[in-house]
1. Looking only at region 35-50, which residues are farther than 13 Å from Ala23 by Cβ and either in contact with an Asp or Glu (Cβ under 8 Å, 6 or more places away or on another chain) or in a loop (DSSP other than H, G, I, E, B) (or both)?
2. Restricting to region 194-209, and then to whatever is assigned to a loop (DSSP other than H, G, I, E, B) and without any contact (Cβ under 8 Å) to a residue 60 or more places away in the chain, can you tell me which residue is surrounded by the fewest Cβ atoms within 10 Å (Cβ to Cβ)?
3. Could you list, in sequence order, the residues of region 226-261 that are touching a Phe, Trp or Tyr at 6+ places or on another chain (Cβ under 7 Å) and closer than 14 Å to Gly192 by Cα?
4. Go through region 216-258 and give me each residue that's of a type in the set (Ser, Thr, Tyr), within 12 Å of Ile202 (Cα to Cα) and part of a loop (DSSP other than H, G, I, E, B).
5. Could you list, in sequence order, all residues of region 2-34 that are modelled with pLDDT of 85 or more and part of a strand (DSSP E or B)?
6. Any residue at all in region 140-154 that is part of a loop (DSSP other than H, G, I, E, B), small (Gly, Ala, Ser), over 27 Å from Ser321 (Cα atoms) and over 22 Å from the mean Cα position of the chain (by Cα)?
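The values are calculated or read from the model by the stated rules, or taken from the named source; none is laboratory data. Since the structure is predicted, the reported quantities are computational estimates derived from the model, not experimental observations. Note that each Cβ is placed from the backbone with ideal geometry, even for glycine, and that neighbours are counted across all protein chains shown.
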Amino acid sequence: MRHSYEFRVEPSNAGQRLDEFLASRLGSLSRMRIANLIGAGACVVNGANGRGGYRIAEGDAIEISFEEGSLTSMFPERIPMTIVHEDDHLIVVVKPAGLLVHPTSSVKSGTLANALAYHLNRFKFEDQTSPVDHRSSIFDPRPAIRPGLVHRLDRATSGLMVVAKTASALMILSRHFRKRLVEKRYLALVHGRPDHESGTIIAPIGRDPDRRPHWRVMENGKHSETRFKVVEKFNAATVLELEPISGRTNQLRIHCAHIGHPIVGDEPEPGEFATPNSQPATRLCLHAWKLAFHHPAGGEWREFVTDVPEDFAEVVERFRSVS
């Protein structure tokens, strides 16, 4: 299916770059794809081929057309989300376990990013009849909002995430995350009973391309640090609160396993650790329950919390009931 759009530049958009203008109007296309389309001559400005760096002027007539197959993977999809907070600058959501944050080379849909692309631009789709796939949306003159992914959670991990709705919020929040001005707390159900009620795990993490899992504790890895505190103990398991001081890939899972207390549902070998009634865990028992940061607009400190999901709580109750 071929898509064709025509725009007339309003005074408020005069002076904007052509590629930036199109990116704000066509939320289904990445900036890279828009640049490629312009370079291929798919965009015409006032009857002539456009250039990405062209500064548009009031009254300019812009036309662009492309095949549906040229859409990027982050097309909007109506996927239910648990929203904790939303304002003009950001949205805080609870990602369920098993949901990818963003599309990959092999998974092109059904991710949190697809859900956000729909929710943040639902004014473009709410009058349409298609229940799921909105890649061929009716043009709406209001600029599209592209979800700004500030941080990530593993696919198997559930919990709170903040997503920027503006370029300014994305820049500020990303800087705060890099400078560790953000407070993150996780709850984890781990096998066994740690010797100490609290402590710090310091073990360098690196990537070994020749072994699986690739990310592991390595002597030449990057400094990685996790604080832990016991919340509740059972005969064969413990609920820990974890605070990642650094932000390495799979850090919490790797560090817990490193001290001999792997997270339930993340056993190195199937059946290596017993669970009550020999029932396997239905999920990785790791949940980002608290997230706090300075709001990118006003600077005020905001804290958000969420309960552990039912499937996590059910596994905890299994261990509690035999203690």
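1. Once the filter is applied, which keeps residues that are farther than 13 Å from Ala23 by Cβ and either in contact with an Asp or Glu (Cβ under 8 Å, 6 or more places away or on another chain) or in a loop (DSSP other than H, G, I, E, B) (or both), region 35-50 yields Ala40, Gly41, Ala42, Val44, Val45, Asn46, Gly47, Gly50.
2. Of everything passing the filter in region 194-209, Pro209 is surrounded by the fewest Cβ atoms within 10 Å (Cβ to Cβ).
3. Residues satisfying the conditions are Phe234, Ala236, Ala237, Leu240.
4. Ser224, Ser246
5. Tyr5, Glu6, Phe7, Arg8, Arg17 - these are the residues of region 2-34 that are modelled with pLDDT of 85 or more and part of a strand (DSSP E or B).
6. no
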